[in-house]
Amino acid sequence: MTKPVCAYCKLPNALTREHLWPASLHSRLSAANKQTSNSFWLARLQREIPSEPKIRDVCAHCNNVVLSELDAYICQLFDSTLVHIPNRHERVTFEHDYHLLKRWLLKLCFNSARVHNSRDLYALDVMLPYIMGESSTLGKSVQLFLQLSYPEEVPEEELSANAPADCPVFFKPTMNRVGHIFFRVHGVGEKLLRAVHLRSFTFYLAFFKPSESCVVLNDFADHFSHYTGALLLRPSNPIVETQCNGAGAWTLFKGSRSNQLIFDDDI
Ligand SMILES: [Zn+2]
């Protein structure tokens with residue numbers, strides 16, 4: 001019997017079984033949220049599922065050598081930065097290794113795309129040499145944005161009947177989720193992006209053709225930043241200052257369920 005092929009190195013090999021969210025990161029997220037049960041949203045199924053999706057098509061070498069280095073980095077970034085939930089308007093210094101962060105985000109999206117058989121699977125598969133650290137130039141066709149969300153009061157009419165009366169309920173950005181965002185600006189255009197939420201920190205990945213001109217890339221970055229408050233991260237700038245005023249956590253939570261970000265240019 002022929003051995004199955006690893007999704008990363010494309011070689012026939014014995015394959016491992018891994019969680020979509022690395023166990024080392026997941027335990028940190030659980031501890032930070034003091035969770036007792038897990039709940040992962042599958043847009044395809046339109047319902048909550050009780051357990052985390054698993055990946056079964058990665059060989060031990062890819063998993064333990066290259067990809068675990070990326071997981072180690074995101075855990076380090078979580079401990080230093082992502083664990084904190086800033087208040088609205090708080091100034092935040094975001095110090096990061098641009099390529100390790102972007103490669104990890106793309107890896108997570110690629111894994112999620114295989115679990116869900118997503119329409120952008122091909123675009124993520126093309127990024128494999130970058131994810132594996134074999135090509136840095138390929139990464140230039142993907143823009144990475146950071147948006148910070150803040151605790152937000154849930155409107156009274158959106159609370160369930162058994163919510164405490166006369167007591168504002170604040171929704172904190174504690175979720176972790178990987179999904180899509182359809183960014184549409186009337187009069188400008190539309191684009192499907194990947195969104196990775198890690199508590200207050202939302203990372204957006206915008207994909208372009210490798211041959212796309214700087215004018216198109218810059219124009220998109222200007223519009224996306226203008227409408228979302230997201231900051232374009234650049235490899236040359238590992239320490240950025242930003243403000244926690246991108247989106248209210250409740251608004252973002254509701255938006256992530258509908259996968260829509262629509263902006264009207266007339267407003
Ligand atoms: Zn492999």
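Listing for the model above:
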{"read-out": "Any pair with Cβ under 7 angstrom, 6 or more apart, that starts in segment 1-18 at a residue that is more than 6 Å from the ligand (Cβ to nearest atom) and ends at one that is polar (S, T, N, Q)", "value": "Lys3/Asn13; Pro12/Thr2; Thr16/Asn63; Glu18/Asn63"}
{"read-out": "Restricting segment 86-141 to residues that are among the small types (Gly, Ala, Ser) and out of contact with any Cys (no Cβ under 9 Å at 6 or more places or on another chain), the residue that is farthest from Leu11 (Cα to Cα)", "value": "Ser141"}
{"read-out": "Wholly within segment 53-158, strands (runs of 3 or more DSSP E) carrying at least 1 residues that are under 28 Å from Asp222 (Cα atoms) and in contact (Cβ under 8 Å) with a residue 40 or more places away in the chain", "value": "91-95, 142-150"}
{"read-out": "Segment 241-267 residues that are under 14 Å from Leu146 (Cα atoms) and at pLDDT 80 or above, paired with ones that are part of a helix (DSSP H, G or I) and of a type in the set (Gly, Ala, Ser) (beta carbon under 9 Å, 6 or more apart)", "value": "Ala247/Gly255"}
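The values are calculated or read from the model by the stated rules, or taken from the named source; none is laboratory data. The shown structure was predicted, so the numbers you read here are calculated from the model rather than taken from an experiment. Reconstructed Cβ throughout: ideal geometry from the backbone, glycine too, with neighbour counts over all protein chains shown.
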